[in-house]
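Input: a single structure, listed below in structure tokens.
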């Protein structure tokens, strides 16, 4: 069959497509994307852990595929993205990850709880009485953006600018690299990010604060090695800001949509507040923000009877793995009280397990429960469309009536 993850049906109903692929063969080649797609839970988990044969460096092969013109257009974008730990293998991955891991601590995240609750309450107050609103635009997008900005110590007056910059950068991170228009848009976003963070980092070096950027600067050289370069610190800050709100925005949006489509489950949040603990894990499993994570074949090898060649692209379909009927009972049914074991793979597995998982879980648990407690009669006010992106599950908008 033709496998096109950007086809309208695949965008609106990816679970149906992935289920069909998994049933046919859990490892399949997509000619449309020039990539292997792995859809079974076991295969996806094995792929995350097979760091010797599957590389996380997708920037190098991407650069090689680009024309000289596009490579020049995206030169600064690639410089910024090389500071993202997500695009590196060992040992460089650990060099980039460890300063963030040591500064982005569970205590630092938990200390944000009262701030998150205040931000959520303020945004819900602004929505009250509005009748119909775009829940994503009015709530799911600004909430995590404000939280991560406060964590990084970004002045309130500057935060609105990041909406455009982040969306521009997502053109290359989540989009199709072959589109020259996207390359120009991504280049613009990364240039603005780089310029802003260079200036902010210089200020923090001269006058450190209690924010995450100051802590990251202090921790960037953890041993006798070279540590992080200035551009890698810029890249780390960009990753934290970008991932800290783009992915969480989509998670909160998708979780809200799932509950609007399953009102019996939403009512459980009011009946038992503790339901949100298992509920967040179930919402991540049921319709998480990430559809696939990308790897590159480092060496020729066999995988489930297929020969994968060095340099080929591999899509680890976490959305498909999270609904594998061989692992999860009635996987297409939302159950906020579902046992948390076996675990979903929405945050990845192995050395690249998402460092921001604690913050995403905390934000979603507060935001989702507060929204349905404040507006128990909230309902969909129109159809939902989806952004044409391969890697993420991103609703264009979420019209609701409150």
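Just checking, which of 39, 73 is in contact with a helix residue (DSSP H, G or I) (Cβ under 6 Å, 6 or more places away or on another chain) and closer than 30 Å to residue 397 by Cα?
So the residue among 39, 73 that is in contact with a helix residue (DSSP H, G or I) (Cβ under 6 Å, 6 or more places away or on another chain) and closer than 30 Å to residue 397 by Cα is 39.
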Margin query: Exactly one of these conditions fails for residue 236: (1) modelled with pLDDT of 95 or more; (2) under 30 Å from residue 35 (Cβ atoms). Give me its number.
Written below: (1)
Next item on the list: List the number of the failed condition for residue 344; all other conditions in (1) modelled with pLDDT of 95 or more; (2) assigned to a loop (DSSP other than H, G, I, E, B); (3) more than 22 Å from residue 243 (Cβ to Cβ) hold.
Entry: (3)
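State whether one or more residues within segment 168-178 are in a helix (DSSP H, G or I) and without any contact (Cβ under 8 Å) to a residue 12 or more places away in the chain. I'd like the intermediate steps shown before the answer.
Restricting attention to segment 168-178, the residues satisfying the condition of being in a helix (DSSP H, G or I) are 168-173.
Among the residues that remain, those that are also without any contact (Cβ under 8 Å) to a residue 12 or more places away in the chain are: none.
Scanning segment 168-178 turns up no residue that is in a helix (DSSP H, G or I) and without any contact (Cβ under 8 Å) to a residue 12 or more places away in the chain.
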Next item on the list: Among the residues of segment 31-43, count how many are under 23 Å from the mean Cα position of the chain (by Cα) and either without any contact (Cβ under 8 Å) to a residue 40 or more places away in the chain or surrounded by fewer than 18 Cβ atoms within 10 Å (Cβ to Cβ) (or both).
Entry: 3
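So is residue 46 modelled with pLDDT of 95 or more, in a loop (DSSP other than H, G, I, E, B), within 22 Å of the chain's Cα centre (by Cα) and within 21 Å of residue 288 (Cα to Cα) or not? Before you say what the answer is, go through the steps one by one.
Values: modelled with pLDDT of 95 or more: yes; in a loop (DSSP other than H, G, I, E, B): no; within 22 Å of the chain's Cα centre (by Cα): yes; within 21 Å of residue 288 (Cα to Cα): yes.
Answer is no for this residue.
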Notebook entry, point to check: What's the number of the condition residue 299 fails, among (1) touching a helix residue (DSSP H, G or I) at 6+ places or on another chain (Cβ under 9 Å); (2) surrounded by fewer than 23 Cβ atoms within 10 Å (Cβ to Cβ); (3) in a loop (DSSP other than H, G, I, E, B); (4) in contact (Cβ under 8 Å) with a residue 40 or more places away in the chain?
Noted result: (1)
Note to self: If the requirement is being modelled with pLDDT of 95 or more, touching a helix residue (DSSP H, G or I) at 6+ places or on another chain (Cβ under 9 Å), in a helix (DSSP H, G or I) and surrounded by fewer than 21 Cβ atoms within 10 Å (Cβ to Cβ), which of these qualifies: 15, 93?
What the structure shows: 15
Item checked: Among the candidates 236, 270, residue that is in a helix (DSSP H, G or I) and crowded, with 23+ Cβ neighbours inside 10 Å -> 236
Next item on the list: Sort out which residues of segment 273-286 are more than 11 Å from residue 361 (Cβ to Cβ), surrounded by 14 or more Cβ atoms within 10 Å (Cβ to Cβ) and in contact with a helix residue (DSSP H, G or I) (Cβ under 8 Å, 6 or more places away or on another chain), and write them in order of number.
Entry: 275, 286
Next item on the list: Quick one: which residue in 71, 118 is surrounded by fewer than 13 Cβ atoms within 10 Å (Cβ to Cβ) and either assigned to a helix (DSSP H, G or I) or without any contact (Cβ under 8 Å) to a residue 40 or more places away in the chain (or both)?
Entry: 118
Checklist line | Selection from segment 125-165 of residues that are closer than 19 Å to residue 364 by Cα, without any contact (Cβ under 8 Å) to a residue 40 or more places away in the chain and under 17 Å from the mean Cα position of the chain (by Cα) | finding: 142, 146
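Going through 320, 360, 364, 370 one at a time, which residue ends up being surrounded by 15 or more Cβ atoms within 10 Å (Cβ to Cβ) and within 18 Å of residue 49 (Cα to Cα)?
Numbers: 360 fails: within 18 Å of residue 49 (Cα to Cα); 364 fails: within 18 Å of residue 49 (Cα to Cα); 370 fails: within 18 Å of residue 49 (Cα to Cα).
That would be 320, the only listed residue that is surrounded by 15 or more Cβ atoms within 10 Å (Cβ to Cβ) and within 18 Å of residue 49 (Cα to Cα).
Say whether the condition of being modelled with pLDDT under 80, surrounded by 14 or more Cβ atoms within 10 Å (Cβ to Cβ) and closer than 27 Å to residue 64 by Cβ is met by at least one residue in segment 189-204. Don't jump to the end; show me each part of the working.
Filtering segment 189-204 for residues modelled with pLDDT under 80 gives 189.
Okay, now just the ones that are also surrounded by 14 or more Cβ atoms within 10 Å (Cβ to Cβ), so 189.
From what's left, closer than 27 Å to residue 64 by Cβ: 189.
Checking segment 189-204: at least one residue is modelled with pLDDT under 80, surrounded by 14 or more Cβ atoms within 10 Å (Cβ to Cβ) and closer than 27 Å to residue 64 by Cβ.
The values are calculated or read from the model by the stated rules, or taken from the named source; none is laboratory data. Remember, it's a predicted structure, so these values are computed and weren't measured experimentally. Note that we place each Cβ from the backbone using ideal geometry, even for glycine, and neighbour counts take in every protein chain shown.
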